[in-house]
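Here is the structure we will look at.
The values are calculated or read from the model by the stated rules, or taken from the named source; none is laboratory data. Computed from a predicted structure; not experimentally measured. As a convention, Cβ positions derive from the backbone with ideal geometry for all residues, glycine included, and neighbour counts pool all protein chains shown. Ligands, DNA and RNA are excluded from the accessible area calculation, which covers all protein heavy atoms including side chains. Shrake-Rupley method; radii C 1.70, N 1.55, O 1.52, S 1.80 Å.
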Amino acid sequence: MKERIQAAGFAGALGGLAGAALAAGRGRRAVVAGAVAGAAGLAAADAVARARQRPDEIPALWSRILASGAVAAPMGWVADQVTRGRSAQGEGLGPVPVATVAGAAAGALGLRPQKVALGPVVGAAVGFGLSRLGAGPSRASGAVAAAAAVVGYRTAAAVLFRDPQVSLLAERVKPEDVPFVVPLASQTRYVGTDYVRSLAGVLGGTYAPAVADIGIVASLDELAGPSFDPAGVDPLVREFYQHTTRFALDIVPQWRLWVRPGYLLYRTLLARPLGQANVPMSQREAQRGVRSRIDTISDVDGTVSVRGWIRSRADTGEPIYVGIYTTYRHAGRGYVSVGFPLPQASFTATLAPSARAGGGLVLDSRSELDQPGHYLTYIDAATGELTTAAVRGFAERLNVYVEAGELRAEHAFWVFGLPFLVLHYRISRKPAG
């Protein structure tokens with residue numbers, strides 16, 4: 001109840017600010033009336049949405065659309081005031097440019113390329129419609145245009161893109177309730193190549209760095225199930241998975257051109273500061289080499305409980321991937337789950353195994369089964385409870401096989417159904433000694 005009251009109070013404050021912005025330029029009484037109406041309306045909408053909210057669900061879409069419009073209104077008003085002060089005529093931008101920019105911003109937040117493209121189109125259409133209706137430049141036009149554009153865009157996106165790309169699966173549950181999640185977070189804002197060492201201090205196990213002869217999985221037999229027989233896997237593929245540190249890896253990244261600008265921004269703002277998921281941008285960058293090692297944490301009886309596969313740049317030591325590899329069984333099937341630690345969170349890829357002709361092994365996140373997929377999980381540091389969302393817009397497939405007596409691997413990624421990256425691995429046995 002307390003959380004609902006706080007949420008309604010925040011929504012009321014947001015609605016009041018939006019109402020004042022929408023009524024600006026019509027006199028003090030109109031602004032006060034707009035603020036009161038906006039506060040009461042948005043607080044009531046939030047209260048209704050949360051009262052109807054079921055466990056493990058986010059608030060209703062219509063309430064989130066109203067809230068996004070309320071956020072946009074004051075921003076549109078500010079844009080109007082700034083440009084009015086710089087205009088010789090004392091006029092703001094007008095509805096078309098404000099609505100276009102607001103729609104573009106809302107589309108960019110949707111991340112999906114189709115939504116990014118839709119945002120400015122809907123925004124421009126809304127702005128043009130407002131100008132035709134006589135809204136014209138006025139003190140309220142920026143707020144009206146921005147709010148209308150965002151509400152219009154989000155409504156259109158909801159109609160056109162019905163498949164949710166992110167959905168809440170579980171809220172404040174125990175780790176055993178979501179076996180497809182690796183519930184290991186970073187205790188600091190930087191993950192880095194020393195993550196497993198710091199994790200050992202938290203878990204209380206025995207830490208072993210750069211173990212000489214170990215694999216990312218204990219045995220491929222743990223993955224047996226109705227659709228996968230480990231006995232058919234080529235011995236070299238099996239050896240790679242069960243004795244990964246016997247091999248050296250070189251990465252050749254193949255990026256789609258359309259994703260490069262977005263990835264460059266992601267790498268600059270997130271990957272490098274986090275020390276996690278920092279894939280080379282080009283083959284030239286990848287040619288500097290990859291250093292691969294597996295750090296472990298063992299229980300008191302010596303059983304390995306954590307396997308952290310750490311890949312870094314050979315020249316600088318900068319992290320590329322820090323992944324915790326696990327296997328588990330559910331309903332008679334085996335799965336591989338890879339957890340990528342984040343500050344107070346974890347991003348998990350759970351993959352289903354299948355055979356490839358010629359003795360290869362395919363691990364795929366796309367499946368009709370209920371376990372595979374990608375999951376973003378917040379981990380409560382005090383209670384250990386998990387809040388997990390399924391990231392359905394992301395998919396990957398790892399294909400390891402033998403060709404002409406040599407190991408090869410292709411790791412393909414999709415976002416919102418569009419392929420954006422393939423990592424080609426050249427895998428060779430390290431020299432003896």
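Listed values for the stretch 275-289 are Karplus-derived 3J(HN,Hα) couplings in whole Hz (6.51 cos²θ - 1.76 cosθ + 1.60, θ = phi - 60°), namely x, 7, 6, 10, 6, x, 7, 9, 5, 4, 5, 5, 5, 5, x, and x replaces Gly and Pro. Put simply, the stretch 190-282 fits an ellipsoid with semi-axes of 30, 23, 13 Å; these come from the alpha carbon gyration tensor as the roots of five times its eigenvalues, largest first. Treating only the Cα positions of the chain as identical point scatterers, give the base-10 log of I(q)/I(0) from the Debye formula at each q in 0.08, 0.12 Å⁻¹. Debye output, listed in q order: -0.57, -1.05.
The long axis of helix 141-160 is offset from the longest Cα principal axis of the chain by roughly 40 degrees. Sum up the charges of everything whose Cβ sits under 11 Å from the Cβ of D315, counting Lys and Arg as +1 and Asp and Glu as -1, but leave D315 out. Computed value for this residue: +1. Taking Cα atoms only, the orientation of helix 61-86 departs from the longest principal axis of the chain by about 60 degrees. Projecting the Cα atoms of G359, L407, Q242 onto the dipole axis of the chain, where Lys and Arg carry +1 and Asp and Glu carry -1 at the beta carbon, places L407 farthest toward the positive end. Volume per residue for the stretch 178-220 equals 116 cubic angstrom (convex hull of Cα atoms).
A simple rule links phi to the HN-Hα coupling: the Karplus curve 6.51 cos²θ - 1.76 cosθ + 1.60 with θ = phi - 60°, which for the stretch 244-259 gives 4, 6, 6, 10, 10, 10, 10, 9, 10, x, 10, 8, 6, 4, 5, 8 Hz, with x for Gly and Pro. Here the calculated FRET efficiency for R272 and A432, from their Cβ-Cβ distance with R0 = 45 Å, stands at 0.80, rounded to the nearest 0.05.
Secondary-structure-derived ellipticity at 222 nm for the chain, considering helices only, amounts to -12000 deg cm²/dmol, per-run term -39500 (n - 2.57) for DSSP H runs with n ≥ 4. The residues of the chain have, on average, 50 Å² of accessible surface per residue, using a 1.4 Å probe with all protein chains present.
Tell me whether the stretch 311-412 comes out rounded, prolate or oblate; compute the Cα gyration tensor, take square roots of the eigenvalues as a ≥ b ≥ c, and use a/c under 1.5 as the rounded threshold.
oblate
Taking amide H as placed 1.01 Å from N in the peptide plane, R429 has its amide H under 5 Å from the amide H of A248, each at least 5 places away in sequence or on another chain.
Rounded to the nearest Hz, the phi-derived 3J(HN,Hα) couplings of the stretch 178-183 under the Karplus curve 6.51 cos²θ - 1.76 cosθ + 1.60 (θ = phi - 60°) are 10, x, 7, 10, 8, x, where x marks glycine and proline. Across all directions, the average projected area of the convex hull around the alpha carbons of the stretch 210-343 is 10.6 nm². Overall, the accessible surface of the chain at a probe of 1.4 angstrom is composed of carbon and sulfur to the extent of 59 percent.
Around the amide H of T327, modelled in the peptide plane, lie the amide H atoms of S337, all under 5 Å away and 5 or more residues distant in sequence or on another chain. Of the three principal axes defined by the Cα atoms of the stretch 251-317, the extents in descending order read 50, 23, 20 Å. For the chain, the longest principal axis of the Cα atoms and the long axis of helix 95-109 meet at an angle of about 20 degrees.
Suppose every Lys and Arg Cβ carries +1 and every Asp and Glu Cβ carries -1, with no other charges. What dipole size does the chain come out with about its Cα centre, to the nearest 20 debye?
With Lys and Arg at +1 and Asp and Glu at -1, about 1760 debye.
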